1. Compute the FRET efficiency between B:LYS142 and B:ASP252 as 1/(1 + (r/R0)^6), taking r as their Cβ-Cβ distance and R0 = 35 Å, and round to the nearest 0.05.
2. Within 12 Å, Cβ to Cβ, of A:PRO44, how many net charges do the neighbouring residues add up to if Lys/Arg are +1 and Asp/Glu are -1?
3. Taking chain A as a Gaussian network, where each spring joins two C-alpha atoms under 10 Å apart, which residue of A:TRP73, A:TRP115, A:TRP105 fluctuates the most?
4. Evaluate peptide B:244-251: per residue, the Cβ atoms of other protein chains within 10 Å of its Cβ; return the mean as an integer.
5. For region B:2-51, rounded, prolate or oblate, judged on the Cα gyration tensor with a ≥ b ≥ c (square roots of eigenvalues), a/c < 1.5 rounded, else prolate if a/b > b/c?
6. For C:ILE115, what is the net charge nearby, where nearby means another residue's Cβ is under 12 Å from its Cβ and Lys, Arg count +1, Asp, Glu -1?
7. Students often get this wrong: which residues of region A:71-112 have the backbone nitrogen under 13 Å from the point 7 angstrom along Cα-to-C-beta of B:ALA276?
8. Provide the per-residue ³J(HN,Hα) series for region C:167-179, in order, calculated from phi with Karplus coefficients 6.51, -1.76, 1.60 and θ = phi - 60°, each as a whole number of Hz, with x at glycine and proline positions.
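Just so you know, all these numbers are worked out from the coordinates, no wet-lab data involved. The shown structure was predicted, so the numbers you read here are calculated from the model rather than taken from an experiment. Cβ coordinates were reconstructed from backbone atoms using ideal geometry, including for glycine residues, and neighbour counts include every protein chain displayed.
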Amino acid sequence: MTRFFLWCATWGLIGLVLLMPPAVILAEALSHGIMPALKTLQDPDGIAAIELTLEVTVVAVVLNTIFGILAAWLLTRFRFPGRGLLLVLVELPLSISPVVSGLVWLLLFGAQGWWGSALDRMGIQIAFAVPGIILATLFVTLPYVVRTLIPLMEQQGRDAEEAATLAGAGFWQILFRVTLPGARVALFSGVLMTTARAMGEFGAVSVVSGHIPGLTETMPLHIESLYNGYQTVAAFTMAALLAFMSMTVVFLRSLPDFMNRTREDPS
Amino acid sequence: MVAGKMKKAFALFWQGGDSTLPGYRLSLTVTLVWTGFFIILPLFALALRPWQNGFGMVLNELHDTRMFAALWTSFSSAVAAALLNIPLGLFLAWMLVRGHLPGRKMADALIDLPLAIPTAVSGITLATLYSPRGWLGAPLSKIGIDVAYTRTGIVLALMFVGLPFMVRTIEPVLKNLPHELEEAARLLGARPRQVIGRVLLAPLIPTVITGFGLAFARGMGEYGSVIFIAGNQPFKSEIAPLLIVVRLQEFDYSGATAIALILLLISFLSLIFVGAVRKKLSVWTSAS
Amino acid sequence: MSVVVENLIRCAPGSERILLSDVSLSVESGAFVALVGPSGAGKTTLLRAIAGLDKYDSGTVSLNGETLASIQERAGKVGFVFQSYALFPHMTVARNISFGLDVLSKAQRPSASEISARVQELLDLMQIPDLGKAYPSRLSGGQRQRVALARALATRPDVLLLDEPFGALDPIVRRAIRTWLRALHDQLGLTTILVTHDQEEALEVADRIVVMQHGRIVQNASPAQLDEAPETAFVMEFLGEAVSFKGVIQADTGLFIPDEAGVLPFATSCPAGPAEAMIRPFEIFPENAATGGKIALVRHGRRNGFLHYSAQLPERSVPVFFPVHTKHQSISDSCQGLNIAEARLFRNGQRIV
């Protein structure tokens, strides 16, 4: 009896706190039916926002994955003075407010920033333009691949890589044949987290973007301007699309659990 | 002596310690360049900027009451949200690990939902949900609770984004508490309530504090999910990150940077706090 | 192929703690050497240094007279079997074994059919011919051990290094693999260096034993020499149960006089002075065994072909073993004194000669 009551309480709580928001998104997006909702997606500014988001995400994911793999290799396979400091540094963006993560790039590349005017004279625009958005996104997504790889690679130890070295494998062969296949689940998860965060980043991008519709608006920024412009259906349709993309990516993380049962060590 | 030590440390740094695995220089170079440009350089800019216009400007910023009001709003809301999340997080983690909950896998996946939904999306969604005409806002306003455009709204939004941190911090520790503990306690004559309080919850205290620290740090800097529901009235419901954006729109870079630095300081302090608690936790978990 | 280690010194990185303290060792071609010692003695550290897996502060390691600086220079020439086996979990057994061939540059790499023939040859040699397609997680400990060995041998190295290869195996498999490994060593003409903390295993399988303690080599000898003439009290103690008797060697008589009553003096050619006599329980002989003697003998049962007794000296009791086939009835009760003439004599922990 108590147990049944606790179950109801748990699911009630989950329903109220966690399931209500996605339901609201759908309800608002479809408040005038499905056709008006789909129609809002044909807006050129909306399409530009989707394209920009994908572009920024790809750049952030590719660069931070390369960095993340090399940094995890460095930080788990070598013990050198300064390693502890680097371990703290690579996790730092996680504890910095998104707005501050955007602000720092204005301090460097904004009109009043250190190098902003110099770059401006050379015709290079970083703040309030796409490069600024990319920099801010790279900053906030920097830790994800490293921090998922490090605990796993630390736990796996160096034995397999040492065996590979003695068998004559070089750095890239070890990385691609031994380390990354062994850590593929963690790598996959880290890449997905990077993707989700890159797609959905709002605060940091908002500060450096300049909010020019069709040019420097990513999906979250476009949602904001639609919402503030009382275009509720359009805002929530875009929000539904973005939330769907992001949730798919996040829930894909549990995919390897289902697929790789046969190969993984059961213990 | 000191010079010898420095020389030895430098040699270790240059060779990558005693490991003979390849790729040290390459990965070191890439890591140093990347963290140098993306982390050290921005932090430098942030730390130096307020002093750029002279010491007087810094003192000036300290008289900005609107800034302190906004910082207080962020701080108190983040603390309140993190505190309220403790019982919620404990309850959910407990039900996931020990509750034999039907649909446990599903519930487990749903816990991550606030992390999966982009902050701007949760912002407009929560604002709609708790607006006076919203699904939850309407019944709440009938009984006299106004959520949207008040501090209550801020706290609710922060609770939403902070909940996964709390649950995900507690869950693994709870999972690793061996069942033998309960059995031993029961054999020693503890009643069920004593088992829960003294044997199961007590070891979770450091973990709960860690979860609190993480949820608080996140809440202190949170922007997207809050601004739509907050109302953003100066001195009342304006959060610190929003004031940074306002200052930037006024081209007051020094003012924006001052707030940013204080935010950074607070999140560092909470990180140090969490680190200290984890150290204590490690005394409990590893005997050696 | 001979392995020569000269003046190897290694400190723990970033500290002054010494892991290897001026170690020199020469292993001739075809030898089977066991590195033994308590944990923390530096056995694995030395083995890893020979393999080039850790950097050392000074000294050289050479194979066949050729000094090897980096791990890359050892690749393919040295086979190493890790204590954890370090099999690649995402590769099949066959891919694991062929790894050292797969990573060769295109010019050096044998053809695919040659590689698979080599893999099958090794699988047959390891007596696991049908496991090529299995993943390591499905194998038993003994099978993983064989796969790790096959992988180490795939590039036809002349030197095989094994780090605690039997540690994770149960006693029966352990004994079987140990005998088989020795046979394999002889069959392939390898030079093998093995690390183990189990001295009996070492004595059984190796033809040279290197005893280490505190990062140094204490003694490097054949099992027989080691048994006959242990260099230090530690070696004596480490190689098996030993009983020690304090006493003095008299200058005029040349006798070792034990401090304890009931233990008989014996003649020695060692220089006079205080000394410690150490002896194995089965080398102690009770003199004039009969009923009603001074020293009671209490029987404790039999193990490994020995009858176990304890001799009740005034201050303590010491173990005394007799082979089962001796006529023990006559000594079952008591004796007049313990004859320890077989003992080795030590002074300050060093053997006196």
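1. The value I calculate is 0.25.
2. Every neighbour counted, the sum reads -4.
3. Evaluated over chain A, the most mobile residue of the options is A:TRP115.
4. If you average over the peptide's residues, the count of other-chain Cβ atoms is 3.
5. Oblate is the answer for region B:2-51, as a/c is 1.5 or above yet b/c matches or exceeds a/b.
6. It works out to a net charge of 0.
7. none
8. Those phi angles translate into x, 9, 9, 7, x, 6, 4, 3, 5, 5, 5, 5, 5 Hz.
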